[in-house]
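Visitor: Have a look at the structure that comes next, please.
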Amino acid sequence: MRPPPDKDFAAMSDILTSPPTHSPSPRRYRQQPRAIATRERILLVSAEMFDANGYAGAGINEMLDSSGLSKGALYFHFESKEAIAQALIDQWRTFVDDLRHEVNSTETSALAQIVMLFREHAEAVSADLRLRAGLKLSVEQGITGSGGAYREWVDMVEALVATAIDRGELHDNDAAQRFSEASCTTFLGTITAPPLMNTSPSITVAIDDMLTGWLIGVLSAEDPQRALAATG
């Protein structure tokens, strides 16, 4: 397949430095009956604990203490801690699926859609504790079916990469073939790792840095020295 011409590096720079051309509409919640409001409170309190302590480190008793709810109220909605975790994973899975459809509706290049998908995902998990916990829980051991949700996300990115290759937007090389797995892993690591210092970049800035490094590397992987110069 013909490699993209040099002008594609300029186009890549435009994609990475320009503001997103499309932003998914905010997800609003309707006024809920008391029972559903209680369920959402359980999910929010649990998400905070899962986000801070991981699946194994979050206990039902601590969730009850933080939520101020009775054990009966909690078990009315969820039969176990795992059921709460699965509900959070499902919320994250639904968000990612909706985001993919919204990004696709922009009818921009596959490369631009990849950038939008990661950027807006980063903004969402930065702002919504439940989505961030759902992403983290999607790879936790001991939660039935958790790996499937994460695999769906990787496959989603892989499909966009394949489209970009078919359209000549990316080189068809080993780096491009590894991009979906590596980029999702890097994204998860960025979300999971705590800031090491007060000057650590925000999640969105860190993901933009990841996109810059990986996509320029994929575009120029057949010339490693040029790739090193471009990312330096």
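Visitor: In nanometres, what is the gap between the two model label sites at R34 and D90, each 7 Å from Cα along Cα-to-Cβ?
Guide: A separation of 2.4 nm, rounded to one decimal place.
Visitor: Only residues of the stretch 129-150 count here: report those whose backbone N is under 12 Å from the spot 7 Å along Cα→Cβ of E82, or say none.
Guide: In the stretch 129-150, the label zone of E82 (backbone N under 12 Å from the point 7 Å along Cα→Cβ) covers 141-146.
Visitor: Explain nothing, just compute: Karplus ³J(HN,Hα) = 6.51 cos²θ - 1.76 cosθ + 1.60, θ = phi - 60°, for every residue of the stretch 97-103 in order, whole Hz, x for Gly and Pro.
Guide: Residue by residue, the stretch 97-103 yields 5, 4, 4, 4, 5, 5, 5 Hz.
Visitor: Can you tell me the FRET efficiency between S70 and T144 if r is taken as the Cβ-Cβ distance and R0 is 35 Å, rounded to the nearest 0.05? Walk me through the numbers before you get to the answer.
Guide: Details: r = 26 Å, r/R0 = 0.75.
That pair, S70 with T144, gives E of 0.85.
Visitor: Can you give the extra length, in nm with one decimal, that the chain gains between S126 and A56 once fully stretched, where that is 0.36 nm per residue apart less the Cα-Cα distance?
Guide: Extra length available between S126 and A56 comes to 23.0 nm.
Visitor: Roughly how many percent of the accessible protein surface of the stretch 60-152 is carbon and sulfur, given a 1.4 Å probe and a whole-percent answer? Please list the in-between numbers first.
Guide: On the way: 1850 of 3970 Å².
Carbon and sulfur atoms account for 47 percent of the accessible area of the stretch 60-152.
The values are calculated or read from the model by the stated rules, or taken from the named source; none is laboratory data. Computed from a predicted structure; not experimentally measured. Methodologically, a virtual Cβ is constructed for each residue, glycine included, from the backbone with ideal geometry; neighbour enumeration extends over all protein chains shown. Please note that ligands, DNA and RNA were not included when accessible areas were found on the heavy atoms of the full protein model with its side chains. Shrake-Rupley method; radii C 1.70, N 1.55, O 1.52, S 1.80 Å.
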